[in-house]
Structure formats: C-alpha cells, structure tokens
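Chemist: Got a structure for you, written out below as structure tokens; questions coming shortly.
The values are calculated or read from the model by the stated rules, or taken from the named source; none is laboratory data. For clarity, every value in this text was computed on a predicted model and none was experimentally measured. Counting neighbours? That spans all protein chains shown, and the Cβs are built from the backbone with ideal geometry, glycine included.
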Amino acid sequence: MSATKTKFLKYTLLPGFFPRLKDLFTSGFVHISYLMAVVYSAIGLLPDNHSYLNPANRGRFGIRHVLGEAANHLVFDKKNIDKILVYFVTLSGLVLMGVQIALFSVSLFVQQDVMAQSIPDLFSVNSPYAHGGGGPEQDIAFIMLDRVFGTRGIFESCVSTSTPCADMRGDPITTISAPYPDSFQLALHKLFHFYSIGLFFVAVLIILYFFTAIVAETAATGTPFGQRTNRAWAPVRLILFFAMLAPLNMGGANEGLNGAQLVTLWTAKVGSNFATNAWGYFNENLTTGELIEGEKILASPTIPELGQYDLLNFMYLAKTCKIIEEMAAPRKYGKDMPIDAYIVTSDARTSKKLLSTTYGQAVNYVVGSGSNTTTAKQAQIVISFGHYIAPPVDPDDPSDEFTKEFTGNVNPMCGRLALKVPYDPSADLGGLQELYYDLVRSMWFDTAIRNHAHCLIKHFYVSENEPDCVLESNFANDRYTHYNNNLKTLAEQALQDARAEITSNPDLTSMLPALKAKGWAGAALWYNRIAEINGAAASALYNFPNVVKFPAVMETVRTNKLAKNQNISGQAVFNPRLESGGKISYEHEEDQKIAAVLYRAYSLWNTDSLTETTYNKRTGNIVVDGINALLGTSGIFSIRDNVDVHPLAQLSSLGRAMMQASVRNLALGAGGQNFAGLIGNIGDAEKAALQQIGGALWGLGLSVMLMSIILYYILPMLPFVYFMFAVSGWIKSIFEAMVAMPLWAMAHIRIDGEGIPGRDASNGYFLLLEIFIRPVLIVTGLLASIILFSSMVHVLNDIFTVVVENVSGFDTKKIAETGGGGDFADFLRSPVDEIFYTVLYVILVYMMALSSFKLIDLIPNQILRWSGVSVSAFQEGAGDPAGQISGQIYTGGNLLINRVKGGGALPALLN
C-alpha cells in the first residue's frame with residue numbers, strides 16, 4: 001500500500017482514537033449479520049445465491065443491510081406467516097439489545113444515586129428530586145395547564161384536586177372555591193370535540209379518494225394495491241389515524257379530547273417532570289446548597305446621613321423640652337410632671353419605658369409575640385416623650401376621660417417619634433432596622449446633649465449664670481460628626497452581620513421546600529430573592545425614625561402661624577414672634593417663655609454646615625453640584641467597591657439610592673419652583689429664564705427617577721419576566737399543538753413513502769419533541785444567564801479601571817503633589833469624569849444583563865435547529881416583550897416629562 005503525505009501525517013500526528021473506537025464498537029457485529037443472512041435464507045427471505053451468504057463478503061455488509069434486503073422480499077400474506085414472525089422476532093431482539101446497550105451507556109455517565117431510581121423516575125412526579133420529594137399539587141406549570149385546559153387525572157395540581165394552593169413560603173392562598181372544570185373549560189372541550197369530528201369527515205373523504213386511487217391503479221397495472229402503495233406502512237398509518245383522531249372518554253372527565261390531544265398533554269407532563277427533576281437534581285448537588293453564595297447576595301446600599309433628617313435636632317429638642325417642662329411644671333400644673341421616653345401602642349392603656357426595653361421586646365410589644373405579616377405591615381414603634389398618667393383601677397371609670405385621649409396613657413408634651421417595623425424577616429438582617437432604635441436610645445441618654453440643653457435653659461430661661469455652664473460654639477457640629485460617624489460604623493457593621501446571617505441562614509440562600517414544590521416553573525422565583533433581599537435591606541436603612549409630633553408648645557406656635565400665613569415654611573414656622581405683631585394664644589402663660597427657648601434650641605441645628613450631606617455638598621463646580629443634587633451620585637462610583645457582590649444586587653442597590661435621592665430632591669424642588677414668581681424686582685425676561693432653567697432641572701430630575709425605576713424595579717424583575725414569558729410560550733406551544741394534532745393525524749393518511757410518519761407527518765413528531773424538551777431547555781437558559789452575567793461583570797470590573805485610565809488620563813499635577821497614593825478615581829481630570837464613567841459602567845452592566853437574561857428563551861427557541869427541522873412554535877416569533885418594558889417605560893416617561901415641562905404645565909400641577 002502506497003504511503004501518501006496525508007497518511008503519513010495522520011500516523012505521526014494523530015493519536016488514532018476514533019478509528020480504534022470504531023473498531024471496538026463495530027467489528028464484533030460482522031458475524032451477527034452473516035448469521036442473520038443464513039437464517040433469512042433458510043426461511044426463504046433471501047435467495048440461496050445471495051452475495052450476503054458468501055463467507056468472503058463478511059465485513060462488507062452490516063445488520064441493517066441484511067434487514068433491508070430481507071424486508072424487500074417480505075410479502076404480507078397469511079401464507080407467509082412464518083417468515084413474518086421470524087423477521088419481526090429478530091427485529092425485536094435487535095431493538096431490545098440496542099435499548100440494553102443504550103441503558104448501559106447511560107449508566108456510565110449518570111451517578112448511581114440517580115440510576116438507583118431507574119430511568120422512568122427521571123420523568124416521574126414521584127422522583128426524590130421532583131417537587132422537593134412532595135407531590136405535584138403545587139407545581140406552577142401543572143397549575144397553569146390545569147387552568148388552561150381543565151383536564152382531570154393528568155396534571156393533578158391543586159386546582160384540579162381541590163388541594164389548597166400555597167405561596168412560595170408554603171402559606172395557603174385564600175381563594176374563592178369554584179367548580180372544576182369551569183364552564184369555559186367545558187365549552188373548550190366541546191369545541192375540540194366539534195373540531196375533531198369536522199376534520200374526521202374531511203379525512204374520510206381523503207380516505208375514499210385514496211381507496212378509489214388504489215382500485216384504479218390495481219385495475220390499470222395489475223399490481224395488487226397499486227404501484228404507489230407501501231403495503232407495509234400504509235395500514236399502520238391508517239390505524240394510527242383512527243387512534244389519534246377518535247374522540248375518547250365519552251361521558252368521562254376529559255370528554256371531547258381525542259387521542260392525539262391526550263398524547264400532547266401527557267407529553268407536556270412528562271417533559272415538565274423531566275425539567276423539574278433536572279432542576280431539583282441541580283439544587284441537591286450544589287456544593288454549598290445555594291445558587292449564589294450568601295455574602296455575594298447583599299450589596300452595600302448608600303448609608304443615609306443625619307443631615308437628611310431631623311432626628312438629631314428633634315432629640316435635642318425633646319431633651320431640652322424635658323428639662324424645661326419639668327422645671328415649669330409646678331408653675332403650670334401645681335405639681336411635678338416627670339417626663340421620660342415611652343413606647344406606646346394605640347390599642348393598649350399601658351406603655352413601656354425606652355430605657356428598659358430592647359428592640360426585640362419593642363417589636364413584640366407593638367406587633368404581638370404571635371405576629372403575622374398582615375399585622376406587621378402596618379406596625380411601627382411609636383416613642384412618646386412625655387408624662388405618663390397612671391390608669392385608674394377600674395378601666396371603665398367614666399372619670400378617666402383625660403387619659404383616654406393620650407396613646408398609652410402618655411401625654412406627648414415633648415414630641416413623638418415613629419420607627420417602622422419591617423414585616424419581611426430579611427429586612428432586619430443583621431439588625432439593619434434595630435440600629436436606628438439603638439441610635440434614638442443613645443441620643444436620649446446622651447450626657448453631652450443633656451448638659452448642653454441644661455446650659456441653654458440656664459442662659460435663656462432662668463437667666464442663671466453658672467461658671468461651669470458654657471455654651472460651646474461647636475457643640476452642634478461635634479455632636480453631628482459624632483453621630484454621623486457612629487451611624488456609618490453601625491450601618492457597616494449591620495451590613496456585615498447581615499451578610500453573615502444570609503450565609504448561615506439556608507432559608508434565605510437555598511431553595512425553600514415550598515419553592516421546590518413549585519417545580520421547574522418556579523426556578524426564577526429564587527433568583528428574584530436577590531432583588532427582594534437588597535430591596536428590603538435598603539428600605540430598612542432608609543426607614544429613618546420619623547418625627548410625628550414636635551413638642552406641644554412648638555406645635556401650638558406652628559398652628560397659630562399657619563392659621564395666619566399659609567406660605568410660611570421651614571425654620572420660621574416655629575418662630576414664636578408673629579410678623580403682624582400679635583400674640584400667640586398659649587394654654588399656659590409659661591409656654592411663651594418655653595416657646596422662645598425651644599425655638600433657640602431648634603435654630604441651633606438649622607445651619608448649612610449641619611444640613612449639608614454628600615448629596616447636596618457644594619464643590620464650587622455648578623455642574624457637579626447640580627448632578628450630585630439631582631442624581632444623588634456623590635457615592636455612585638462606590639458601586640464598583642462591591643466587586644464580590646452579585647451584579648444584579650449592585651444595580652438594584654444603586655437604583656434604590658438614586659430613587660431615594662430623586663424623590664427627596666424633586667420634593668425640595670417642588671417647594672422652590674415658584675421662586676421666580678415670588679421675586680418682584682426682576683424683569684419678565686429674567687423670570688422666564690429662571691423658569692426655563694427650573695424646567696430643565698426638573699426634566700433631568702425626572703429622567704433620573706426613570707433611570708432609577710429601571711434599575712430598582714424593572715431590572716431585578718427581568719430574569720423572572722423572561723422566564724415567565726418562556727413558560728407562557730411553552731403553554732402557547734401546547735395549545736398550538738392541541739389545535740394542530742387533528743391535522744397531524746390526517747397527515748398520516750398517505751399510501752406511499754417509508755416509515756410511520758411518511759412524507760408529511762414528521763413535523764408533528766418534532767412538535768411533540770419541542771413540547772417535551774422546552775422546559776428543561778428553559779431551566780438551562782436560566783442557569784446560563786446566571787453564570788454568564790456574573791462572569792461578564794466580574795471581568796468588566798477587572799478591566800474597567802485600565803480602560804478608564806487609558807481613555808480619560810489623569811491630573812498629573814495632583815499625582816505629583818500626593819505621590820500617587822490612594823484611589824485612582826481621586827486623580828481623574830474632573831469630578832465629572834468620575835460621575836459619567838460610572839454612568840457608562842452602569843449602562844454596560846445593564847446591557848450585559850439584558851443580553852444574558854435573553855438566553856432564558858433564546859436557547860429553547862434556537863436549540864431545535866440542531867435536530868435538522870424547521871418546525872417553529874408561537875414563542876419563537878414573540879420577539880422580546882420583556883426587553884421592550886424598559887424602553888417603553890423610558891419613552892413614555894420622557895413624553896410625560898415633556899408634557900409636564902411644556903407650556904408652564906409644571907407650575908400649574910404643583911400649585
């Protein structure tokens with residue numbers, strides 16, 4: 001044999017694995033094919049002089065060649081019953097041997113714990129991996145199919161079995177009982193029955209046509225059944241046609257559905273079970289038992305600052321009020337009135353002291369030790385600073401009218417605070433909400449605040465000059481810095497504790513048993529926990545204690561001032577001096593002096609240096625100041641500090657911070673939008689210019705709100721939305737098949753062609769394959785989106801710094817002055833660079849998210865191309881409805897912004 005260059009290279013460079021594998025699996029069947037040829041020759045299926053019987057030809061033909069040649073000589077006639085029997089027995093034996101080899105091959109690749117359940121369990125609802133080991137009653141896919149088709153004895157969900165349906169935590173869902181199947185579903189069955197009968201009569205006409213054609217061809221050619229008729233497959237197809245199109249279960253539960261439609265529904269059930277088992281097996285074999293590691297779920301939301309709220313100001317006022325009211329009580333009431341902080345509830349005649357009540361005790365007190373979600377949603381810890389009035393021995397004493405008007409029998413003489421209680425257990429992970437409770441307690445018992453308030457009263461109320469009582473000029477700044485740093489430290493520690501708690505709490509990071517019971521169609525519900533946990537944590541951080549009521553004397557001043565001038569606002573509303581020169585009517589004469597002292601205490605904290613935060617801090621650059629004020633982006637570049645956090649958590653946390661900033665700043669803008677109209681000494685042109693600037697700033701602010709809506713509300717929902725669109729597309733494919741199955745049955749009415757499908761019916765089989773395999777492909781697409789999205793964003797984090805360095809350059813003078821130490825963002829050419837490069841980063845991550853999440857339905861839509869057919873379902877032409885949500889919201893929002901800004905509509909709306 002001559003050696004060629006190709007053979008030489010193959011021999012020297014290739015290991016030769018594939019030729020050896022071919023020899024291993026094919027060489028042993030040479031003798032089987034020869035022996036089969038001998039058997040077929042003995043019964044007359046092969047002629048005695050056939051080439052397959054020549055021993056010299058061994059290895060030149062295979063089993064399929066012998067079977068094909070024997071089939072060509074097989075005549076279906078009762079005289080040949082022995083030949084038919086032998087042929088099909090050998091064929092059945094070969095099929096069984098092939099199945100055995102296939103099962104053995106599968107056993108080599110599938111772990112033994114799966115094989116121990118047998119192959120049928122991979123498609124069963126009773127597999128240990130299906131529905132968390134439970135039944136199919138809570139399976140979302142089965143619930144949807146039962147609600148659509150109204151069948152019995154197939155899907156057996158909670159809808160069709162009268163079992164209470166449950167939510168993702170296993171709590172029963174209260175629904176109004178209704179008959180099943182309902183009238184619409186019964187009418188749908190009747191429609192299917194009518195449809196099948198109509199097509200059956202059409203099919204009868206087609207059968208009569210073929211019968212006539214066969215008779216005519218037989219008479220014309222002399223060949224029995226004509227020359228075109230495939231005598232082996234035509235009868236089988238005709239039997240299949242009648243089996244598939246005949247209506248079944250007449251008078252039964254699924255009356256009206258034909259055989260092909262029932263096959264479709266059972267195919268959907270088996271395919272759904274396959275996907276559920278795959279999803280359950282995936283979760284059982286995660287190394288950590290979690291889809292995403294706990295510490296990577298929670299991002300670091302922007303920590304609020306005291307300058308955004310009145311908390312420190314109020315607590316100083318409450319302490320000042322306590323001291324001065326206790327001093328004035330003998331003159332006002334003729335007796336002592338001790339004042340303290342109490343936790344009160346509207347449905348109790350008692351209260352608890354703040355000093356001796358922990359946060360957990362306070363929550364149980366206002367919600368109840370056996371709290372439920374409905375109660376906790378409206379619950380809040382209300383702290384009244386005032387005098388406690390002991391209730392009478394007899395609670396029904398009619399003389400107790402005085403105490404009935406005060407919640408918890410506490411007269412809130414010095415004000416009232418409210419702290420919302422999170423109803424979601426994940427909202428207070430690590431004590432995120434508890435830190436504000438502890439902060440209020442520390443402020444109330446702060447010795448420095450008490451001493452300064454005491455000195456203030458000594459100077460301006462009793463006019464006593466104590467040598468040791470000096471009003472420090474920097475007291476407010478020092479306390480603000482102290483508590484702001486304290487808040488930051490406590491919040492960071494709480495977030496760290498929250499991550500540790502998430503990691504150690506399997507109910508938060510792993511699949512809940514109730515969620516496993518939802519089957520494969522509930523897979524995206526877990527992914528949504530990322531947004532749920534981050535949203536709850538951010539909400540807990542932004543649930544700052546809310547001032548419900550200022551000290552009673554200050555409330556009296558505010559009521560009198562607003563009664564005379566509705567336009568007054570801000571600090572002036574508590575000024576006890578009336579612009580008209582009149583006097584405020586107080587309940588006690590002593591209150592006039594108290595009001596003056598409390599106003600001085602209130603003014604102490606209302607300075608620009610104390611109300612300034614990173615959101616409104618001035619940099620001297622009007623562009624940067626405007627962007628920070630409207631976007632709340634002072635810390636936006638810190639999004640990349642969360643390198644190890646899941647990117648969806650990054651964007652969700654950023655969106656929450658931007659939403660908080662935009663709502664706050666737009667509210668401030670609403671109060672100042674009439675500024676141009678209030679200025680009387682400027683011309684119309686200047687007023688118009690100011691109004692145009694205000695409109696532009698409002699437009700930018702509303703645009704930021706739209707972006708935050710997309711990041712905080714829309715983006716975390718996209719995996720779920722894409723997944724549910726994919727599930728809905730699968731349901732639509734099943735409905736399409738239910739309509740197409742009678743036509744598929746008619747496609748079997750062919751007298752020519754090979755095989756059961758013939759020339760026209762193969763697409764129906766591939767449609768059933770698509771219904772069977774789509775669920776597991778949807779789950780695969782979800783997992784692919786999780787992996788790809790995380791991987792791409794982590795790579796972007798690694799290279800983004802280098803890209804920005806190369807594109808933007810640096811402030812070389814600043815680098816020379818500092819020696820180059822610190823964060824690279826400190827040396828960008830401008831703070832504007834930092835902001836807009838971060839915006840670019842967010843856009844890139846957002847685009848990666850969309851492209852990744854689209855795999856959830858792209859993989860099922862495109863994978864059947866590999867089967868070599870072009871059959872398509874409805875879902876493949878559905879476009880990208882989920883991806884259009886963000887664009888439609890943004891476009892619609894911009895149209896609304898333009899309408900609000902145009903024609904002076906904004907002032908009209910706000911006035």
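Chemist: What about residue 620, is it at positive phi and at pLDDT below 85? Before you say what the answer is, go through the steps one by one.
Modeler: On the way: at positive phi: yes; at pLDDT below 85: yes.
The answer is yes for residue 620.
Chemist: Scan segment 181-215 residue by residue and report those that are of a type in the set (D, E, K, R) and either outside any helix (DSSP H, G or I) or not assigned by TED's automatic domain parsing to the domain that holds residue 154 (or both). Give the derivation first.
Modeler: Taking segment 181-215 and keeping what is of a type in the set (D, E, K, R), we get 182, 190.
Correct list: 182 only.
Chemist: Starting from segment 173-198, take each residue that is more than 19 Å from residue 245 (Cα to Cα) and list its partners that are of a type in the set (S, T, N, Q) and modelled with pLDDT of 80 or more, counting only C-beta distances under 6 angstrom and pairs at least six apart or across chains.
Modeler: Qualifying pairs under 6 Å: 180/160.
Chemist: Does residue 507 satisfy the criteria of being outside any loop (DSSP other than H, G, I, E, B), in contact with a Gly (Cβ under 6 Å, 6 or more places away or on another chain), in the same structural domain as residue 434 (by TED's automatic domain parsing) and at pLDDT below 80?
Modeler: Working: outside any loop (DSSP other than H, G, I, E, B): yes; in contact with a Gly (Cβ under 6 Å, 6 or more places away or on another chain): no; in the same structural domain as residue 434 (by TED's automatic domain parsing): yes; at pLDDT below 80: yes.
Answer is no for this residue.
Chemist: Here's another thing I want to ask about it. Run down 384, 442 and say which single residue is surrounded by fewer than 22 Cβ atoms within 10 Å (Cβ to Cβ), modelled with pLDDT of 80 or more and either closer than 25 Å to residue 313 by Cβ or outside the structural domain of residue 358 (by TED's automatic domain parsing) (or both). Show your work before the answer.
Modeler: Working: 384 fails: surrounded by fewer than 22 Cβ atoms within 10 Å (Cβ to Cβ).
Checking each option against the conditions leaves just 442.
Chemist: Residue 69 passes all but one of (1) closer than 21 Å to residue 224 by Cβ; (2) in a helix (DSSP H, G or I); which number fails?
Modeler: It is condition (1) that residue 69 fails.
Chemist: What is the number of the single condition among (1) under 32 Å from the mean Cα position of the chain (by Cα); (2) not in a helix (DSSP H, G or I) that residue 723 does not meet?
Modeler: Result: residue 723 fails condition (2) only.
Chemist: OK, next. Please find, within segment 683-724, the residue that is modelled with the highest pLDDT out of those that are under 28 Å from residue 852 (Cα atoms) and of a type in the set (Gly, Ala, Ser). Write out each step before concluding.
Modeler: Of segment 683-724, the ones under 28 Å from residue 852 (Cα atoms) are 703-724.
When the remaining residues are screened for being of a type in the set (Gly, Ala, Ser), the result is 703, 708.
On the way: 703: 67, 708: 74.
That would be 708.
Chemist: Examine segment 362-375 for a residue that is at pLDDT 85 or above, touching a Leu at 6+ places or on another chain (Cβ under 7 Å) and surrounded by 15 or more Cβ atoms within 10 Å (Cβ to Cβ), and state whether such a residue exists.
Modeler: For segment 362-375, residues at pLDDT 85 or above, touching a Leu at 6+ places or on another chain (Cβ under 7 Å) and surrounded by 15 or more Cβ atoms within 10 Å (Cβ to Cβ): absent.
Chemist: While we're here: I need the full set of residues from segment 717-763 which are over 26 Å from residue 859 (Cα atoms), in contact with a Leu (Cβ under 7 Å, 6 or more places away or on another chain) and of a type in the set (Gly, Ala, Ser), in order please.
Modeler: The answer is 745, and nothing else.
Chemist: Any chance you could count how many residues in segment 325-347 are within 23 Å of residue 441 (Cα to Cα) and under 39 Å from the mean Cα position of the chain (by Cα)?
Modeler: 4
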